[in-house]
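Input: a single structure, listed below in structure tokens.
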Amino acid sequence: MHTLLQDVRYAGRMLLRRPGFALVAVLTIALGVGANTALFTAVNALVLRPLPVREPDRLVGVQALGAFGGGGESRPFALSFPHFEALRERGRAVAELAARADAQLSFGDEEYAEEVLAAFVSGDYFRVLGIRPALGRLLAPSDDRRGAATAGVVLSDRLWRRRFGADPSIVGRTVRLNGRPATVVGVAPASFTGTGIDRAPGLWAPLALRERVVPNSRLYSLMWFGLEAIGRLRPGISIERAQAELSAGLRQVGEALGGPLEYTNAELHPLSRIPTSRQGSFLRFFTMLAVATSLVLLIAGVNVAGMLLARAAGRQREVVIRAAIGAGRARIVRQLLTEGVLLFLLGGAGGVLLAVWLTDLLLAFRWPVPVTLDLAPDGRVLGFALLLSLVTGLGFSLIPALRASRPELVPARDGGRSGRRPSAWLRHGFVVGQVAMSLLLLVAAGLFLRALQHALSIDPGFDPDDVWVASIDLQRQRYDEPRGRQLYDRILERVRQVPGVRSASFSVGVPLGPGEEALRVRPAGAGEDEGELIHANVVGGEYFRTMGIPVLRGRTFATADREDAPHAAIVNQTMAEHFWPGQDPIGKRFVQAYSAFQIISGQADGAEAAEFLVVGVVPDGKYSSLREEPEPFIFVAREQNYRSKLVLAVRTEDDAGATVRAVRDAVHALDPALPLLDLTPLTDLIGDDLLTQRIGAVLTTLFGLLGLLLAAVGIYGVMAYSVGQRTREIGIRMALGAESGSVLRMILRQGLTLALLGVAIGLAAAFALTRFVSSLLYGVSATDPLTFAGVALILAAVALLASHIPARRAAGVNPMEALRAE
């Protein structure tokens, strides 16, 4: 230990003697370690850090597999409440089973209402998870009784602090859920925000309350499949055994209770913050980032190894003296390794600070849903950074240490200069590797940028600028259809009078947002088949003007399209060509049919098939995703198809801020019990649709630029060292008549040769590896020639620039001073 401390002190003194060298090396290492630590921080928060529950390793998510009517391919389904209750009674391997079903609610008190996400949970939900309250109590089985006289709710810590200022007297206060009274019985701990990253509830309520609070909840129906189940395994029971027993029980329950869905199996998986349906995409995305950050670390490590190798060549005299007075080679290697590892540890400390900044950058993205993720570094993250710094320090310091520990004694007596350059090939190999890895990173960045550019250039078929949208659900406030129609008309009247509002309209959904419906339709007179399932939207008369969608033929919806008038429809071009190829669609008719499933599930409500008259044609657009191909689409009139939940779309003038506030106030003045509108720019929906491309483009560009910077530093360092070593040779050349221009070209040619060799290797690797990210790219080939050629030219230009400064220094060598120095 004493010898190790002595080596550390000596290493520190040696680094302080060359502060410039130490600073550049530490910053270089910090870039590599910081990128990897930031990625590990995200993985740690998502996967490795246990959920804040009791014995999280025994918790499992339960998913059912089944098919309707026993036909078709079996696929995942949520459970119905009767099936869940029967399955809970039969559980053996799963000691406890709890359920959850989410819903957006109007939450308020005497002052105002807002929209929150409520998790309706079974009475034993918190007991299964093992959560303790921060205030009051949590829900118990006695709260979850059908027809209970009182209803208790548990607030999240976030909602309690934001809405009620962390008032400790909140327990016992009455709040309103969709206009129904409920009593706050407790507050959940701040550490518990649910079991996923994308669905942090504002409150938890008993499952039995859902039937009274959520309109048309149909909780106790065999036709409603909306429960997500979690279970706690009995001690010593494996997931495989529990899954087999639960599958058998699920099939027995399904046979006993019946219903349209025939369950086949149950799937159990460890409870995770990442939803099961998204784990595959998460894995692909994080694998890509892991490759990118590993390349950054390799480039940084190779860069520092080259610096250590160059520095070791200047310490030959010191090493010779240490060997001459009795130091063995192992002792010298250990000292040099200590210096290298100390550099990497200092760089690792800086990398942790950089990782904090990078994780803040990750959270700065506007996510489509609120993401609750604690990215603060903990002991596991710090341990990872320490281990990574130690391993890379030992790995990248070993070759320079071994090389420096084999000095030439005779040349060292003459000032430590040697006529040969035994490590030149090694330094050149480092540069070639850096350039190749930098090219890989830059190609990935270029592909993501090209894909993002392509996606942004797509015409969505509407004009999202200056359009704001917000959803309103009148059924939550117990509006019947006549009162709902009246209020929606009054809202439109008030909003259109707000200064700065150019137009406004209601619809069930908006492009690239939720809320679309689907109609099963067939052309009139085409027989009695079930028809085709076509996506549709219920819109008001000014919808097309508000969205900036031109009407190509016919007309838009008018006041004459009332409830008692023939049903009117507007179709897009693909729909018109699909049903009536080569014909004029105006005046054509199609019939809405109902499938067997719609009748069984109650979606059709036994209604007779409706006939629609086509009154207009609009261009094709993007409805669900910018990446979708043109598909048939139908618009039907809002006035003829009442819906309690609609989206208000408002097109504003330039001063949107004041206009949006005025719109909120106008709606709130009509019914203070309605949740305050959360108006969102329509352009944000496009940004949400391109989230993967944006994150990939930003992160890969950042890592690519880091790799390019490190490669440039590496080329400059090698060329500067080479010029320093060849000063005598250059002086002799110039003394014999060589011009400065020829010397300049010689050094540039050397740097460019190394860069081009690295580019060639990098291009070959990129052609082989970029196919693995092709699924994350849209509209761009994984071997896009423009990207490959552009990146190669950029690297060649950077190599020339990095070599130019040493080359100019070499061209300016004074022959007499160079020879005199020798």
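If you take the residues of segment 653-676 that are of a type in the set (D, E, K, R) and open to solvent by less than 80 Å² (accessible area, probe 1.4 Å), which of them is nearest to Pro464 (Cα to Cα)?
Of segment 653-676, the ones of a type in the set (D, E, K, R) are 653-655, 661, 664-665, 671.
From what is left, the residues that are open to solvent by less than 80 Å² (accessible area, probe 1.4 Å) are 664, 671.
Details: Arg664: 20, Asp671: 28 Å.
Among those that are of a type in the set (D, E, K, R) and open to solvent by less than 80 Å² (accessible area, probe 1.4 Å), it is Arg664.
So which residues in segment 112-151 are among the charged types (D, E, K, R), within 15 Å of Glu85 (Cα to Cα) and buried (at least 20 other Cβ atoms within 10 Å of the Cβ), if there are any at all? Break it down stepwise before answering.
Filtering segment 112-151 down to residues among the charged types (D, E, K, R) leaves 114-115, 124, 127, 132, 137, 143-146.
Now restrict to residues that are within 15 Å of Glu85 (Cα to Cα): 124, 144-146.
Hit for segment 112-151 is Asp144, nothing else.
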Q.
If I ask for residues that are at pLDDT 80 or above and closer than 27 Å to Glu629 by Cβ, which ones from segment 752-781 would you list?
A. Val780, Ser781
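In contact with an Asp or Glu (Cβ under 6 Å, 6 or more places away or on another chain), over 30 Å from Lys645 (Cβ atoms) and not in a strand (DSSP E or B) - does that describe any residue in segment 158-165?
Start the filter on segment 158-165 by keeping residues that are in contact with an Asp or Glu (Cβ under 6 Å, 6 or more places away or on another chain), which leaves none.
No, segment 158-165 contains no residue that is in contact with an Asp or Glu (Cβ under 6 Å, 6 or more places away or on another chain), over 30 Å from Lys645 (Cβ atoms) and not in a strand (DSSP E or B).
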**Q.** Spans of strands (runs of 3 or more DSSP E) in segment 442-550 with at least 3 residues open to solvent by 30 Å² or more (accessible area, probe 1.4 Å) and of a type outside the set (Asp, Glu)
**A.** 517-523
Q. Of everything in segment 213-232 that's open to solvent by 10 Å² or more (accessible area, probe 1.4 Å) and either touching a strand residue (DSSP E or B) at 6+ places or on another chain (Cβ under 6 Å) or at pLDDT 90 or above (or both), which residue is nearest to Arg88 (Cα to Cα)?
A. Ile230
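Just to be sure, is Val154 outside any helix (DSSP H, G or I) and surrounded by 17 or more Cβ atoms within 10 Å (Cβ to Cβ)? Walk me through it before giving the result.
Numbers: outside any helix (DSSP H, G or I): yes; surrounded by 17 or more Cβ atoms within 10 Å (Cβ to Cβ): yes.
Considered against the rule, which asks whether it is outside any helix (DSSP H, G or I) and surrounded by 17 or more Cβ atoms within 10 Å (Cβ to Cβ), Val154 comes out as yes.
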Q: Check segment 176-196 and report whether any residue there is open to solvent by 10 Å² or more (accessible area, probe 1.4 Å), in contact with a Gly (Cβ under 6 Å, 6 or more places away or on another chain) and part of a loop (DSSP other than H, G, I, E, B).
A: no
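Yes/no matrix, rows are residues, columns are (1) modelled with pLDDT under 60; (2) in contact with a strand residue (DSSP E or B) (Cβ under 7 Å, 6 or more places away or on another chain); (3) of a type in the set (A, V, I, L, M, F, W, C):
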residue: Gly383; (1), (2), (3): no, no, no
residue: Leu388; (1), (2), (3): no, no, yes
residue: Gly415; (1), (2), (3): yes, no, no
residue: Ser418; (1), (2), (3): yes, no, no
Q: Name, by its number, the condition in (1) modelled with pLDDT of 80 or more; (2) open to solvent by 30 Å² or more (accessible area, probe 1.4 Å); (3) more than 20 Å from Leu159 (Cα to Cα); (4) assigned to a loop (DSSP other than H, G, I, E, B) that does not hold for Val47.
A: (4)
Q. In this structure, does Val121 turn out to be modelled with pLDDT of 85 or more and aliphatic (A, V, I, L, M)?
A. yes
**Q.** Candidates Asp688, Asp671, Asp678, filtered to the one that is of a type in the set (D, E, K, R) and either within 30 Å of Asp564 (Cβ to Cβ) or modelled with pLDDT of 80 or more (or both)
**A.** Asp671
Q | Subset of segment 583-613 that is modelled with pLDDT of 90 or more and either open to solvent by 80 Å² or more (accessible area, probe 1.4 Å) or under 38 Å from the mean Cα position of the chain (by Cα) (or both) - its residue that is farthest from Ile634 (Cα to Cα) | A | Gln583
Q. Of the numbered conditions (1) on the phi > 0 side of the Ramachandran plot; (2) under 28 Å from the mean Cα position of the chain (by Cα), Arg478 satisfies every one except a single condition; which is it?
A. (2)
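The values are calculated or read from the model by the stated rules, or taken from the named source; none is laboratory data. These numbers come from a predicted model, not from an experiment. Because the Cβ atoms are built from the backbone with ideal geometry, glycine has one as well, and the counts that use them run over all protein chains shown. The area values use the complete protein model at the heavy-atom level, side chains included, leaving out ligands, DNA and RNA. Shrake-Rupley method; radii C 1.70, N 1.55, O 1.52, S 1.80 Å.
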